[in-house]
Structures are given as structure tokens and as C-alpha cells.
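What follows is calculated from the coordinates using simple rules that are stated; it is not laboratory data. Everything numeric in this text was worked out from a predicted model, so none of it was measured. Virtual Cβ from ideal backbone geometry, glycine too; neighbours counted across all protein chains shown.
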Amino acid sequence: MSFEVTATDGSARAGVLHTAHGDVPTPAFMPVGTKASVKSLHPDEVREAGARILLGNTYHLHFRPGEDLIADLGGLHGFMGWDGPILTDSGGFQVFSLRDTLLAVDDEGVTFRSVYDGEAARFTPELAAAIQAKLGSDVAMCLDVCPPAGVPREELESAVRLTTLWATRQREAVRAPGQLVFGITQGGADPELRARSVEEITGLGFDGYALGGLSVGEPRPEMIDAVEWSAPMLPADRPRYFMGIGDPEGIVDVIARGIDMFDCVLPTRMGRTGTALTSHGRLNLRNARFARDSRPLDERCGCPACRRFSRAYIRHLINQQELLALRLLSLHNLWFLVDVTVGARTAIEAGRLADFILEMRQQTGTDA
Ligand SMILES: [Zn+2]
């Protein structure tokens, strides 16, 4: 069995995912290494932050530099110098979220224009499996149809139908040795369609299951509500992956509702906008009030940025567009989100997740 639940607290679970490149304690935050790099960070820094599993993007790696080149250079682990677990998405999210590049969707696959050169390209479940097998990731995701929020019900229903059809084929397709494959459920926030998708996808039997088609533009309360009623539909003995959440409040909200894994570009994206995530909430370092602030970004944080540098110094680096600013903020934000996740895991083991979340909320918004 590739997954064990080791403790529960209400709907929340602590567990371990066993992969070909090591164990991942869950709940687990997965930093996104879109183009085989967590932007601006060395793999050793990502590991020191406490991250145990990375996410790589099939779409981007397929086009640049290509899965054959990566396979020839030792697979994604060897290529990017990360020997820990890697999950690759299927490329479906990129294809369907770049709506103006979408050309045609049919039962066989999806045709779209590559963002790299505008040439028409096609993904099928078989190709999504083959790319991920060559990348050699530890967890491969099924190709799914992921519509944005607010589409007509017929479109959601069609996404559910095609996602099941494609999952049926990808389940039988090639995979790397020891590679786990996760199915993705669709259906947006429609209870009937979600239930249908869960029944069809779990009926096929995968190593884990994702809630796809949420966090795609719907209001936050609707999304959290959908996680609350849909997570328990998924089998209790398999890992549950929520695709695309990574702010501290959102992380604990989905953990409390039974989610084990999640990914987000937030730590590095916030870094690029000069924003630090802290136990007091978000700090915009561009703000003049930090010009002479000698304190670290977060006094509770043990990251390399907080151990050594002041808010005033990092603010100066941001204003002068020094590359070190991006690195320090990305490092800090990653440490912070991993710390939130590890704290939630510890709280689940102690049966005090609700208190942990309450303390976190009370701290947020107090004066930094
Ligand atoms: Zn820090």
C-alpha cells in the first residue's frame, strides 16, 4: 500500500505517502517547480525549508526542453538535481486554463496552440502518460478536462464524461517503474456531477485521487464548501490531493476537511511582488513603514532570510530590484507555508487542529 493514515482529528488526517524516491509525511505542501526549478531556489534550499515533494509541469517540460532530452539526462530527478519525490501534473490544467489557445476537444484528446511557438499541438491520455513515464516522476496525474468556474452545466457534464473516458485509457497506459498514478475528479461545485465523477474515477481504481476543477475562479466560501462535502466521497485509504491552493488560510481550511496534499506557486509568486507571508498576515515590503525596520520578516521564523536580514534591508533590495530580494522572499515564504503544514500535522496528531487554526487566525491581523 502506497499510503497510510497515521492519525485523524475530525475530518483531518495525518499520514505517509510512500514513493519510489522516499516517504512524504502528509499533509504535504508541494512547491511548484514549473520548469524543473522552484523559481530562484536551489534544490538544497527547498529541502532545508522542509519540502519533501515537488511538482513539475508536464505541459512546460514537454515543450521545453522535451521529455526525451530529460529522459536521456537521467529523468527529471537527475536533470534537476532533486532526488526526492516528484509529482507531475498532466498538462490538462495549463491546456484548459489558457482558454484562448484551445482549438478542439474531442473524445480522443485535446488540440491547442503551444504558448511557446503558437504551433498546434495535441494531448491525449496516452501522451500524458508517456511524457510522465519519461520524466520518471513518482506520481503521475491523469489528463483531465478542467473548465473554469461559471461555465454552463452542460460543459461541466461534458468535462466529467471526458475525464472519465480519458482516465480509463490512461490507467492502462505506460508508466515509469514504481510510478503511482492519481485520478482526477471533476464536476466543479455541482454536487450531483461531482458525485458522478467520484464514483466513476474511484471505480477505476487509482493510487490517489484529486479534486480538480475547484479553485478555478469560484468564490472562496463556495470552494471550501465544495471541499467539505466532496472530500469525504473519496476513499479514506488513498491520498487526497487538492489542486491549486497555497495561502496559509486556505491550506488549513482544506486540511481540516480531509485533504492530504496541495500545491501552489504562491511562495515564489508573492516573492516576486515583494510580499512576505507571516504569522501576522501579509507584509508588503514596499511599504515605507519598513524603511527602518530592523526586525526579521517574521520573528517566529527560522529561515535563512529571517535568521540574518532585516525588513529594512530586504525592502531596500526590492526597491533596487536586486535578485537577492526575490530569493530571500521566496525562501521565507516557502519556509512559512511548510511550517504551517507541519504545524497542522503535529496538531492533528495531538488532536488539537481546531485550536491550532484558531490560534493562527487570532495571530493573523495582529500588528506586525
Ligand atoms: Zn523567514
*Which residues make up the longest stretch of the chain that has no GluC sites (Glu not before Pro) in a DSSP loop with at most 12 other Cβ atoms within 10 Å?*
173-298
*Would you work out if the range 220-368 is rounded, prolate or oblate? Take a ≥ b ≥ c from the square roots of the eigenvalues of the alpha-carbon gyration tensor; rounded if a/c is under 1.5, else prolate when a/b is larger than b/c, oblate otherwise.*
prolate
_Radius of gyration, Dmax [the range 202-251; alpha carbons; angstrom]_ = 11.5, 33
*With viscosity set to 1.002 mPa s and temperature to 20 °C, compute the Stokes-Einstein D of the range 23-181, Rh being the Kirkwood radius across alpha carbon pairs; µm²/s, no decimals.*
132
_Within the chain, helix-based [θ] at 222 nm, where runs of 4 or more DSSP H residues each add -39,500 (n - 2.57), nearest 500_ = -12500 deg cm²/dmol
*What ratio of Cα Rg to 2.2 N^0.38 Å holds for the range 1-69?*
1.34
*Name the helices (complete DSSP H segments) of the chain with a Cα length along the long axis of 18 Å or more and a Kyte-Doolittle mean of at least -1.0, or state none.*
153-171, 191-204, 323-349
*In the range 275-368, which trypsin sites (Lys or Arg not before Pro) are in a loop and have at most 16 other Cβ atoms within 10 Å, using DSSP for the loop call?*
R286, R292, R300, R352
_Spatial separation of Cα centroids for the range 291-330 and the range 164-239, in angstrom_ = 39
*asked:* What number do you get for the chain when its Cα radius of gyration is normalised by 2.2 N^0.38 Å, N = residues?
replied: 0.97
